[in-house]
Structure formats: C-alpha cells, structure tokens
Amino acid sequence: MDAGAPVIAVDGPSGTGKGTVCRRLAQALGWHFLDSGVLYRAVGLAAQRAGVPLNAEQPVAALAANIDLRFVPDPHAEYGMTVLLDGEDISAAIRTEEAGGAASQVAAFPAVRAALLKRQRAFRRRPGLIADGRDMGTVVFPDAALKLFLTASPEERARRRHNQLKEKGIDVSLRALLEDIRARDERDRGRAISPLVPAADARLIDTTAMDVEAVVNEAMRHVREQGLA
C-alpha cells in the first residue's frame, strides 16, 4: 500500500452503474482499480464450496483471512480482469445472482469485513486507485481525494439487471430481481458495521434517468473539479 497515492471512492448499491463508471475512470486516468464486491462474492463462493454455512461468522471470517484469491488483468474479459480462486477461474461464477446474495450475507459480518480490510487497502498504489464498493469512502479509504455515491431507484436497477441477464440468455423474473434488490439493500443499509450510506463529504449522483455515458461524464466532471485529471 502507498498511503500517498490518491483514491477516488465510488460507493452505492448494485445496478447504479458503479462498475462501469469505475472501469472507465481507471482507464481514462491510468489508475489501478479495486472492485471490492468481488472479494465478498469470492468469499461467499468459497464458503459454499467448502460447506461452510453463510451464517457462521467466525468460520467464514477464517476463510476470508486465508483465501487464495488473485486478480489478473485481462482486456478481453467482460470485467477487465480474470479472478482466480485457488488457481481456478471464477470470473463467471461470482457474477451470478446467487453469488451476489451470498456476498451480501457474508459482508454483514464484522469479522469478515475486518479480515478483508487490509487486502482492500493494499490496492492503493501510485499513480492512484479507483475503489468501487459500499464503504470505500466511509471505512476503507476515509481520506479519499474524491468520494462519489451513486444511487438509482430499485425499479430501474432491477430493469437494468434483467436486461443484462436477458442478453446472456438467462431468464429471470423481473419481480424476483426487484424483491432481491430490496432485500439486499435493507441488509446492506441495516448492518451494524460499515452500513451502505454516503460519506458526509460524498458527492451524490442519481443515475435513474441517466445512460452510461451521461454518468461517466458526470463522474469525470467531479474528477476534474477536484483537480485529479
């Protein structure tokens, strides 16, 4: 970790465009990129594969502390990187709705979050870091040079996810997706440790009525205003 490297923290719930915005910012600035959600998704998947109950905090935390997880940059991969768990490519496995639900469950445990905190902060290197998550600006990088918080209505986020899955040939009920998103939001906002809330100094962007390009342009406007580009 390089404590002097600048950080742009981008927080918010899933389906707001965070991932796309962060990857575009990282590419435009030539900075490193941390998708913190991948860590929790990988822990949830590893727990399931190891037969560890997702509601067992200490066993899941022990697994999180010792997980063999590597990120390999790959411009041809859907998310710009290949994720390896114990040497196995889990890039597709962690992007399922089931993996997202498991991630939300294990992320509610203080011991799991503590186990992953140092690993997340290790991504901070020069020339800078774009950090995508839910508590990047409040807990992981409270001294971030810029904090953005993206929001969108649950209905719009469900619609976006529904379209993404349809494009992949996956048939999922829009109603079920909306219910899952609302349940996940409640779990993320209600947890005692690192709840999903904007940092006091975060700049809010409501992406409900915005397309991807508009959101990226708005984020870049804040980056330039902050003198980071």
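Looking only at the range 200-218, decide whether some residue is farther than 20 Å from S36 by Cα, among the polar types (S, T, N, Q) and in contact (Cβ under 8 Å) with a residue 12 or more places away in the chain.
Yes - at least one qualifying residue is present in the range 200-218.
Of all residues in the range 99-110, which are part of a helix (DSSP H, G or I) and either at pLDDT below 90 or buried (at least 17 other Cβ atoms within 10 Å of the Cβ) (or both)? Break it down stepwise before answering.
The first filter runs over the range 99-110 and keeps only residues part of a helix (DSSP H, G or I), leaving 99-106, 110.
Matches in the range 99-110: A99, G100, G101, A102, A103, S104, Q105, V106.
Any residue in the range 65-91 that's at pLDDT 90 or above: show its pairings with residues that are in a loop (DSSP other than H, G, I, E, B) and polar (S, T, N, Q) at Cβ separation under 8 Å, as long as the two are six or more apart or on different chains.
T82/S91; V83/S91
Would you please name the residue that is surrounded by the fewest Cβ atoms within 10 Å (Cβ to Cβ), looking only at residues in the range 9-42 that are more than 21 Å from D188 (Cβ to Cβ) and touching a strand residue (DSSP E or B) at 6+ places or on another chain (Cβ under 6 Å)? Step through it out loud before you land on a result.
We begin by selecting, within the range 9-42, every residue more than 21 Å from D188 (Cβ to Cβ); these are 23-33.
If we keep only those that are touching a strand residue (DSSP E or B) at 6+ places or on another chain (Cβ under 6 Å) too, we end up with 25-26, 31-33.
On the way: L25: 24, A26: 20, W31: 22, H32: 18, F33: 21.
So, considering only residues that are more than 21 Å from D188 (Cβ to Cβ) and touching a strand residue (DSSP E or B) at 6+ places or on another chain (Cβ under 6 Å), the one surrounded by the fewest Cβ atoms within 10 Å (Cβ to Cβ) is H32.
Restricting the search to the range 197-229, which residues are part of a helix (DSSP H, G or I) and surrounded by 15 or more Cβ atoms within 10 Å (Cβ to Cβ)?
Of the range 197-229, the ones part of a helix (DSSP H, G or I) are 212-225.
Hits for the range 197-229 are V215, V216, E218, A219, M220, H222, V223.
Quick check on my filter: what residues within the range 20-50 are under 9 Å from the mean Cα position of the chain (by Cα), closer than 15 Å to L129 by Cβ and assigned to a helix (DSSP H, G or I)?
Here is the first cut: in the range 20-50, the ones under 9 Å from the mean Cα position of the chain (by Cα) are 34-40.
Adding the requirement that they be closer than 15 Å to L129 by Cβ leaves 34-36, 38-39.
S36, V38, L39 - these are the residues of the range 20-50 that are under 9 Å from the mean Cα position of the chain (by Cα), closer than 15 Å to L129 by Cβ and assigned to a helix (DSSP H, G or I).
It is to be established whether one or more residues within the range 169-185 are assigned to a helix (DSSP H, G or I), in contact with a helix residue (DSSP H, G or I) (Cβ under 7 Å, 6 or more places away or on another chain) and β-branched (V, I, T).
Yes, the range 169-185 has at least one match.
Output the number of residues of the range 186-196 satisfying the condition of being surrounded by fewer than 18 Cβ atoms within 10 Å (Cβ to Cβ) and either in a helix (DSSP H, G or I) or modelled with pLDDT of 95 or more (or both).
Step one: filter the range 186-196 for residues surrounded by fewer than 18 Cβ atoms within 10 Å (Cβ to Cβ), giving 186-187, 189-190, 192-193, 195.
Now drop any that are not either in a helix (DSSP H, G or I) or modelled with pLDDT of 95 or more (or both), which leaves 186-187, 189-190.
Qualifying residue count for the region: 4.
The values are calculated or read from the model by the stated rules, or taken from the named source; none is laboratory data. None of these values were measured; they are calculated from a predicted model. Positions of Cβ are backbone-derived with ideal geometry, glycine not excepted, and every protein chain shown enters the neighbour counts.
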